[in-house]
Every structure is written in C-alpha cells, then in structure tokens.
Amino acid sequence: MKLKTWTSKDLHLGTRVFLRIDGNVPLKNGRAFDGSRGRLSQTIPEIVKLRAHGARIILATHLGDPGGKVDPKFSVKPVAKLLAQKLGRPIRVLDGLIGASIEREILGADAGEILMIENLRFDPGEEANDPAFAKSLAHLADVYVNNAFGVCHRAHASVAGITKYLPSFAGELVEREIRELDEPPTHPFLLIMGGAKLKTKIPILQHLGGKTDRILLGGAISLPFLLALNRPVPASVKKTIDKEDVRGAERVLRDFMDKLVLPEDLVIDSKGRASDIGLNSIALFTAEIERARSVLWNGPMGIIEEAKGRAGTKAIGRAILKRKLDHSIVGGGDSIEFLESAKLLGGFTHVSTGGGAMLAFLSGEKLPGLEALRV
Ligand code: ADP
Ligand code: MG
C-alpha cells in the first residue's frame with residue numbers, strides 16, 4: 001500500500017499542522033510512561049521534521065476512555081510533559097479542543113511552536129465520527145498529518161472524518177509501519193496470539209490464519225479453543241468463557257485445526273483464573289519458535305499484571321530473541337510495555353505501535369484512517 005506523504009512544497013513557514021499522534025500511553029499516579037520503542041518515542045522524528053520546516057504543530061491524541069465528556073483524570077497534560085522531556089522542547093497544552101479561543105491561541109503561536117489540544121475523547125463527536133466535530137478540528141489547521149497508526153482501524157473524527165476537510169498526509173511513523181507490515185514474511189511463518197479482546201481477535205484469526213504456517217495461542221484467547229476441543233479446563237476457568245467465543249473458536253478450528261498449537265497445561269492462580277501457560281506449553285511453544293523463520297506476535301500468554309502470570313510471556317520473548325529471525329514483529333500496548341520492562345524488546349525487527357490496527361491491516365481489512373491517505 002502506498003500512502004501520501006508531505007514534502008517541503010506542502011509546508012511553508014508557520015503552516016498550522018494538525019498532527020494526530022497516538023499518545024494513549026499508560027498513566028500511573030498522574031505520570032505517563034513510554035519506553036524507548038514506545039508510541040511516544042516513535043512519533044518524535046515526525047515532530048522534529050515538521051519543526052525543521054517551520055510548522056506550527058498542533059498535537060492531538062486520545063487518552064484512556066473518558067466517554068465523551070471532560071474528565072480531568074484523562075487530561076493529556078502528563079503525556080505532553082513526557083513527550084516534551086523526550087523532545088527536549090516545551091509543549092503548550094491548550095485548555096480545550098475546538099472553538100474560537102483555541103483557534104486564536106494557535107494563530108498566535110510562533111513558527112516551530114508545539115501546542116497540544118486536550119483529549120479528543122472529551123468530545124462525543126470524536127468516536128461518533130461526527131462531521132461537525134471533524135470540521136471544527138479541521139478549522140484549527142491548514143494541513144493534517146496522521147502519525148497515529150494504533151487508531152487507524154477506527155473511523156473516528158480525528159482519524160477519518162477530518163481528512164475530508166484538509167490536505168491529508170501519512171506521517172513518517174504510519175508510513176514506516178505500513179512498509180514493515182507489507183514485507184512478505186518468510187516461511188515457516190508463525191503467528192503467536194494471546195491476551196484478551198477476544199471479540200476482535202478471534203475474527204482476525206479467521207482472516208490471518210490462511211497466511212500463516214502455524215498459530216500458537218496462549219492467554220485468555222486460548223481458553224475457548226480448549227473448551228471447543230473438550231480439553232480439560234478447571235470449572236473456575238470454564239465459567240468465565242463466553243459461549244459466543246467458543247462458537248468463534250469452533251469456526252477457526254474448522255479452517256485451521258492442523259495449524260493451531262494450544263497450551264497443554266495452565267497455571268491456575270488462587271482466584272481460580274488461568275494466570276499463565278504451564279511448563280509443558282512453554283516447551284512446546286519454544287520448539288515451534290525454533291523452527292520458524294518469521295514471527296508475528298500480539299498479546300501476552302498470561303495475566304502479566306501479576307508476578308505469577310509472567311513466566312510464559314517471558315519465555316516466548318526469550319525464545320524469539322535467541323533466534324535470528326528474518327522478521328520478528330510484535331504489537332499491542334500490553335505486550336510491548338511488558339517486553340520493554342523485561343528487556344526483551346531489543347531484538348525485534350519491528351515493534352508496531354498498533355495492536356488491533358496491526359492485526360486488522362495484516363488480515364487485509366480496509367483501515368478507515370489509511371483509506372483517505374492512499375496515493
Ligand atoms: P495487547 O495490549 O498486547 O494487544 P490485550 O490487551 O489483548 O494485549 O491483552 C492483555 C490483557 O490480557 C492483560 O491485561 C492480561 O492480564 C490479559 N490476559 C492474558 N491472559 C489472560 C488469562 N488467561 N485470563 C485473563 N486475562 C488474561
Ligand atoms: Mg491491551
């Protein structure tokens with residue numbers, strides 16, 4: 001896929017650029033966190049490039065889920081603070097999103113200045129892709145640049161709607177993501193999927209399955225598959241499994257039974273949850289990784305928030321790093337944060353800033369955020 005990117009003829013001194021970034025990073029006690037290969041770090045080159053062209057930069061992101069209303073808990077201020085530190089430049093957070101006073105502040109800014117509007121999801125128009133809201137966002141700027149790969153699968157106002165009203169371009173990060181993900185994998189090509197979000201991930205397996213040679217499943221997503229195959233699952237785990245997910249698993253099994261590799265044993269925690277894959281499963285999965293030439297990974301093997309739920313995900317990370325794979329791609333907010341903290345992220349050939357967006361792109365879906373940026 002080829003995307004439109006901006007050149008020096010699209011910008012002049014003081015051009016107002018609406019730069020949609022994915023600043024949805026974890027917050028703890030009012031502080032934002034982002035590793036060296038995190039989504040904030042990876043958006044910096046685009047900001048630097050725009051500044052070098054003398055643009056006035058209006059950063060915009062969503063953060064968490066404030067549900068369409070202003071909630072100071074979800075203010076973007078901590079994100080702006082962390083990003084400013086990484087950039088070594090000040091970022092001025094404006095007190096709102098759209099409207100005359102915000103427009104005036106932007107018009108009063110100097111060339112090269114970096115501003116940030118408040119959390120896009122403070123307005124219900126963002127997730128509803130409301131044309132009036134998209135138009136108001138467009139009013140803030142002369143040019144739109146999308147550097148938020150993680151939300152390109154969402155038809156939201158700042159991702160899709162706004163492109164109708166401004167000259168629109170892919171940022172360097174989105175362009176790089178597409179280039180990396182478009183590279184054909186060498187075979188054997190192994191897909192490793194874990195984590196939660198079963199409702200979106202099971203249908204994706206259906207689409208992506210045909211392109212892979214083997215599919216390893218761990219974490220919550222593996223549980224309905226175990227049930228569908230009548231494998232032994234403790235009652236405490238069984239009762240958490242959604243019937244609809246079991247039907248989804250049955251459909252995937254019908255098409256890809258011979259490719260699927262499921263956990264052979266589970267670690268059950270004191271609350272009766274399947275907190276990790278067991279040692280036999282780790283050995284089985286490691287052996288599969290040893291045979292692969294390309295690996296695509298999304299989602300942890302267990303409840304990584306708990307000390308007892310981390311061994312499986314760590315072992316998979318180590319097994320991948322031990323190999324010299326042609327392609328090793330990992331995506332997903334939780335997966336990346338964990339691998340970074342475990343110092344296992346360094347060797348991946350590509351660390352995608354998208355989880356759902358990466359999987360949707362690879363399974364051949366049309367991404368609303370990319371369609372408007374195509375050449
Ligand atoms: P990513 O952000 O990497 O795409 P997800 O958001 O899909 O991954 O999944 C991460 C979440 O999945 C974590 O919060 C983790 O606790 C949860 N999880 C993983 N395995 C299990 C399990 N067996 N039971 C319950 N939750 C799980
Ligand atoms: Mg997640």
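The values are calculated or read from the model by the stated rules, or taken from the named source; none is laboratory data. Predicted, not measured: the structure shown is a model, and the values here were computed from it. Note that each Cβ is placed from the backbone with ideal geometry, even for glycine, and that neighbours are counted across all protein chains shown. Just so you know, the surface numbers come from the protein's heavy atoms only, side chains and all, with ligands and any DNA or RNA stripped out. Shrake-Rupley method; radii C 1.70, N 1.55, O 1.52, S 1.80 Å.
Assorted remarks:
- Exactly one residue among SER101, SER75 is without any contact (Cβ under 8 Å) to a residue 12 or more places away in the chain and farther than 24 Å from ARG176 by Cα, and that residue is SER101.
- Any hit, the stretch 196-212, residues being of a type outside the set (A, V, I, L, M), closer than 18 Å to LYS259 by Cβ, within 14 Å of ligand 1 (Cβ to nearest atom) and in contact with a Phe, Trp or Tyr (Cβ under 9 Å, 6 or more places away or on another chain): no
- Members of the stretch 353-373 found to be within 16 Å of GLU180 (Cα to Cα), more than 15 Å from the chain's Cα centre (by Cα) and at pLDDT 95 or above, listed by number: none
- Residue list for the stretch 78-97, filter: of a type outside the set (D, E, K, R), touching a residue at least 24 places away in the same chain (Cβ under 8 Å) and surrounded by fewer than 16 Cβ atoms within 10 Å (Cβ to Cβ): PRO90
- When we screen GLY125, GLY150 for residues that are touching an Asp or Glu at 6+ places or on another chain (Cβ under 6 Å) and in a helix (DSSP H, G or I), the only hit is GLY150.
- Test result for THR5, buried (at least 18 other Cβ atoms within 10 Å of the Cβ) and at pLDDT 95 or above: no
- Being more than 16 Å from ligand 1 (Cβ to nearest atom) and open to solvent by 40 Å² or more (accessible area, probe 1.4 Å) holds for only one residue in GLU264, GLU244, and it is GLU244.
- Scope the stretch 186-201; condition more than 16 Å from ligand 2 (Cβ to nearest atom) and buried (at least 23 other Cβ atoms within 10 Å of the Cβ); matching residues: LEU190, LEU191
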